[in-house]
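Notes follow the structure.
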Amino acid sequence: MAPDDKVLRIGLLGGGTVGGGVARILAREAEDIAVRTGAHLRISRVAVRDLTRTRDLPVPDTVYTDDAQAVVDADDVDIVVEVMGGLEPAGTLIRRALASGKPVVTANKELVAQQGPALYRAAHDAGVDLAYEAAVAGAIPIIRPLKESLAGDRITRIMGILNGTTNYILTRMTEEGADYDAVLADAQALGYAEADPTADVGGHDAAAKCAILASLAFDTTVTLDDVFREGIERVTATDIRTADRLGYVIKLLGIASEVDDRVETRVHPAFLPKTHPLASVRGSFNAVFVEADAAGELMFLGRGAGAEPTGSAVVGDVIDVARNLLQGARGASESQHRAKELRAIEELQTQYYVLLDVEDEAGVLAEVARCFGDHDVSIAQVWQDGSEDTAQLVLITHRAREGDLRTTVSALGTLSGVRSVASVLRVESEGVTP
Ligand code: NAP
Ligand code: HSE
């Protein structure tokens with residue numbers, strides 16, 4: 001039982017989607033949480049931007065303020081939970097909280113991916129926790145497994161569906177032939193999307209999560225700018241239909257691997273064989289596929305976005321840091337002892353899907369094939385669809401160097417028989433479990 005008199009007070013920075021989920025879970029599970037923690041957890045203050053907005057959080061009206069710094073500084077706040085998002089003022093508020101000896105829980109992947117090392121140092125110097133499980137893949141426990149459960153293993157590769165909004169959009173486009181803009185509006189209404197949804201569809205959000213995972217997996221410092229990134233904006237209905245016909249699905253993947261002692265991190269849409277475990281991850285679900293030397297393959301699956309799934313991860317962290325606070329302890333630190341050397345995207349070796357609009361006339365296929373061959377890219381499969389005087393060539397290459405593929409694509413655009421290079425996507429067949 002939690003001692004009746006022991007209370008830890010939470011200052012919530014943000015009372016939006018995630019803040020609402022956190023408040024509801026803390027209220028609904030209050031008794032069990034108190035027993036598990038060893039103290040009652042109470043929200044004593046909530047910072048919001050707009051005090052006039054009607055809110056349905058299970059907290060007294062008196063806790064709201066638009067002065068976020070006052071929440072951090074308040075004597076009646078023991079733990080700061082940052083769910084406001086953005087780099088500033090969130091970063092300054094977190095550093096201020098840590099410097100004053102208050103543990104911080106955050107869901108802010110953008111901030112952790114860009115300023116992680118400075119924040120870890122601030123937490124270390126202050127001797128308090130900085131926890132950010134909710135920053136990657138919503139409800140899925142993945143930060144703690146990487147930092148603690150797999151600490152004795154060597155991780156070689158992580159491949160994940162790290163953004164709920166884009167997975168939701170791609171799933172509905174694939175299964176219903178739904179319109180991109182309409183599905184994006186639904187994802188926003190469901191609370192999956194970022195305040196600026198271009199962060200989701202442009203791959204920035206997944207890249208931030210990929211940077212955080214790569215840093216933890218490879219004991220180094222990978223920041224957002226280190227991650228190669230392409231979004232889903234240019235994925236067309238034709239690409240999705242073609243992928244389906246050839247036995248693939250299109251997913252926005254975040255991939256972090258160690259190749260020849262160098263770290264490779266990338267986020268982009270890719271053809272994934274329908275047989276791959278990640279191919280069946282639908283809707284707002286996320287999944288992280290981890291390959292480790294001793295453990296082998298592990299897959300973590302769950303809801304990657306939304307108020308309560310994300311709230312679950314935040315509350316788990318709050319309980320963790322509260323337990324440590326009660327014991328005067330700290331959780332596991334990040335280890336960043338290995339120097340980072342990045343592998344450039346041009347050195348990537350993978351397969352590619354190329355869709356060409358071509359003239360429907362003799363000799364075009366030979367001209368195209370010669371162009372691939374001239375640039376050391378070998379074609380594995382080719383199909384032709386045609387109507388009247390136009391035709392489309394669909395090509396899947398063997399594994400090739402990205403730099404060579406790019407040169408090929410530039411050269412293809414100059415061929416007389418090629419009207420346009422309609423699409424180029426990577427094909428991720430590596431490591432597929434039969
Ligand atoms: P949100 O719904 O837009 O909520 C943000 C909250 O912060 C709002 O209550 C807003 O006040 C408040 N706020 C923003 N700037 C403020 C400021 N300067 N001073 C005081 N209050 C301020 O965002 P969210 O979806 O909950 O996301 C919050 C964080 O969680 C972000 O870092 C996001 O990346 C992360 N995250 C979100 C999800 C998800 O599924 N939504 C999942 C994982 C992680 P008003 O209400 O007055 O505008
Ligand atoms: N906008 C994010 C997503 C929220 O769609 O995955 C979870 O980080």
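The values are calculated or read from the model by the stated rules, or taken from the named source; none is laboratory data. Please read these numbers as outputs of a predicted model, since none were measured by experiment. Here the Cβ positions follow ideal geometry from the backbone for every residue, glycine too, while neighbour counts run over all protein chains shown.
Overview of values
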| item | result |
| --- | --- |
| Considering residues of the range 108-134 that are more than 18 Å from Thr223 (Cα to Cα) and not small (Gly, Ala, Ser) only, the residue farthest from ligand 2 (Cβ to nearest atom) | Asp125 |
| The listed residue being under 15 Å from the mean Cα position of the chain (by Cα) and either assigned to a helix (DSSP H, G or I) or among the basic types (Lys, Arg) (or both), out of Ala185, Ala206 | Ala206 |
| Out of Val267, Val201, sole residue that is aliphatic (A, V, I, L, M), under 13 Å from the mean Cα position of the chain (by Cα) and more than 26 Å from Leu146 (Cβ to Cβ) | Val201 |
| Any chance Arg266 is modelled with pLDDT of 95 or more, of a type in the set (Lys, Arg) and within 28 Å of Gly19 (Cα to Cα) | no |
| Yes/no for Val259 being in contact (Cβ under 8 Å) with a residue 60 or more places away in the chain, buried (at least 22 other Cβ atoms within 10 Å of the Cβ) and of a type in the set (Val, Ile, Thr) | no |
| Qualifying residue in the range 80-93 (condition: more than 11 Å from ligand 1 (Cβ to nearest atom) and outside the structural domain of Arg266 (by TED's automatic domain parsing)) | yes |
| All positions within the range 156-212 that are of a type in the set (Ser, Thr, Tyr), at pLDDT 95 or above and within 12 Å of ligand 2 (Cβ to nearest atom) | Thr165, Thr166, Tyr168, Thr198 |
| Residue within the range 288-298 that is part of a strand (DSSP E or B), within 16 Å of ligand 1 (Cβ to nearest atom) and within 21 Å of Thr223 (Cα to Cα) present | yes |
| Condition broken by Arg157, with the remaining ones in (1) crowded, with 24+ Cβ neighbours inside 10 Å; (2) at negative phi; (3) of a type outside the set (Asp, Glu) satisfied | (1) |
| Residues (within 18 Å of Thr166 (Cβ to Cβ) and assigned to a helix (DSSP H, G or I)) located in the range 271-287 | Leu278, Ala279, Ser280 |
| Any hit, the range 32-39, residues being among the basic types (Lys, Arg), over 20 Å from Ile94 (Cα atoms) and modelled with pLDDT of 95 or more | yes |
| Residue match in the range 106-124 (condition: part of a strand (DSSP E or B) and touching a Lys or Arg at 6+ places or on another chain (Cβ under 9 Å)) | no |
| Qualifying residue in the range 65-73 (condition: more than 16 Å from ligand 2 (Cβ to nearest atom), more than 28 Å from Arg303 (Cβ to Cβ), more than 23 Å from the chain's Cα centre (by Cα) and assigned to a loop (DSSP other than H, G, I, E, B)) | yes |
| Exclusive hit being assigned to a loop (DSSP other than H, G, I, E, B), more than 16 Å from ligand 2 (Cβ to nearest atom), at pLDDT below 95 and surrounded by fewer than 15 Cβ atoms within 10 Å (Cβ to Cβ), set Asp76, Asp56, Asp50 | Asp56 |
| Val81, sole failed condition from (1) in a helix (DSSP H, G or I); (2) crowded, with 24+ Cβ neighbours inside 10 Å; (3) under 22 Å from the mean Cα position of the chain (by Cα) | (1) |
| Unique match (being in contact (Cβ under 8 Å) with a residue 40 or more places away in the chain and at positive phi) among Gly331, Gly316, Gly304, Gly363 | Gly363 |
| Pair list, Cβ under 8 Å, 6 or more apart: the range 146-169 residue over 9 Å from Val290 (Cα atoms), other residue acidic (Asp, Glu) and more than 16 Å from ligand 1 (Cβ to nearest atom) | Lys147/Glu334; Asp153/Asp293; Arg154/Asp293 |
| Long-range neighbours under 7 Å by Cβ, at least six apart or interchain, first residue in the same structural domain as Gly15 (by TED's automatic domain parsing) and near ligand 1 (Cβ under 7 Å from one of its atoms) within the range 39-56, second polar (S, T, N, Q) and assigned to a strand (DSSP E or B) | Ala47/Thr65 |
| Some residue of the range 85-96 being assigned to a helix (DSSP H, G or I), within 16 Å of ligand 2 (Cβ to nearest atom) and out of contact with any Gly (no Cβ under 6 Å at 6 or more places or on another chain) | yes |
